[in-house]
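First the structure, in the form of structure tokens, and then the observations on it.
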Amino acid sequence: MEPNVEIRRLLDVMPASGRMTTKIVSKPEQAKVIDASFPQPWNQTRPIYINFDLWRYLAKPQRDLLLLQMVSWLTGVKWFKPNIYQGVVLVGMLGGLLEASQSDVVGVAIAGGLSAIAAFRIWRTNKSQESELNADAAAIRIAQRRGYLEAEAAQHLLLAIEAVAKIEGRSGLNFTELIRCQNLRAIAGLSPVGMPESYDK
């Protein structure tokens with residue numbers, strides 16, 4: 001597989017928003033088939049690292065869905081989407097600056113603590129199983145615009161998740177991957193058991 005040719009193909013598969021915010025990078029030394037770091041708020045570009053020596057063992061539809069899932073997850077991380085936690089971070093930072101200007105050490109500590117707790121909550125929400133399930137659903141929606149049927153796309157993503165574990169030499173799937181696979185089996189019509197209500201958003 002020629003990485004540059006595959007990268008050009010994958011760029012055509014990606015949605016326009018993904019092409020603007022993410023970048024595909026060949027990384028043959030990594031043990032994972034596809035990987036991305038959790039996006040930090042100050043980073044404009046969100047790189048997706050692919051080991052093309054391992055990537056070639058996946059069927060084309062599996063590669064498409066894996067990439068779309070990763071792009072959907074990366075573009076779904078919103079540090080500055082207005083909600084209560086972003087508000088607490090902002091208030092905490094402003095409060096910290098105000099208290100620092102008045103040399104109030106306790107006030108600075110409290111404001112900094114509030115900001116840290118809220119930032120951690122944002123990070124944890126974007127690393128949750130729900131965020132992975134949302135990325136799976138978004139990838140399937142994008143794949144439908146690329147000519148895949150919903151059930152077909154779900155099955156390709158399911159097979160890709162299972163194949164990646166084998167290619168990487170892992171003994172099995174982790175808990176989040178098991179949850180995702182169960183959800184994808186239901187979408188693909190391979191299982192009558194859907195997601196528990198606590199995960200079904």
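The values are calculated or read from the model by the stated rules, or taken from the named source; none is laboratory data. Nothing here was measured: the structure is a model prediction, and the numbers come from that model. With ideal geometry, Cβ positions are generated from the backbone for all residues, glycine too; neighbour counts draw on all protein chains shown. Side chains are part of the model used for accessible areas, which takes the heavy atoms of the whole protein and leaves out ligands, DNA and RNA. Shrake-Rupley method; radii C 1.70, N 1.55, O 1.52, S 1.80 Å.
Assorted remarks:
Residue-wise test of (1) hydrophobic (A, V, I, L, M, F, W, C); (2) free of Cβ contacts under 8 Å to residues at least 60 places away in the same chain.
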site	(1), (2)
Leu10	yes, yes
Pro15	no, no
Gly18	no, yes
Gln30	no, yes
Arg46	no, yes
Asn51	no, yes
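- Within region 155-181, being farther than 18 Å from Trp73 by Cα and either aliphatic (A, V, I, L, M) or crowded, with 19+ Cβ neighbours inside 10 Å (or both) holds for Gln155, Leu159, Ala163, Ala165, Ile167, Leu173.
- Annotation: of all residues in region 59-79 being over 17 Å from Ala16 (Cα atoms) and outside any helix (DSSP H, G or I), the one that is most open to solvent (accessible area, probe 1.4 Å) is Lys78.
- Taking region 157-191 as the range and being among the hydroxyl-bearing types (Ser, Thr, Tyr) and either assigned to a helix (DSSP H, G or I) or touching a Gly at 6+ places or on another chain (Cβ under 8 Å) (or both) as the test, only Thr176 passes.
- Only residues that are open to solvent by less than 70 Å² (accessible area, probe 1.4 Å) and not in a helix (DSSP H, G or I) were counted across region 1-19, and they come to 2.
- Those residues of region 20-58 which are part of a strand (DSSP E or B) and β-branched (Val, Ile, Thr), in sequence order: Thr22, Ile24, Val25, Ile34, Ile48, Ile50
- Residues in region 25-50 that are open to solvent by less than 20 Å² (accessible area, probe 1.4 Å) and in contact with a Pro (Cβ under 9 Å, 6 or more places away or on another chain): Ala36, Ile50.
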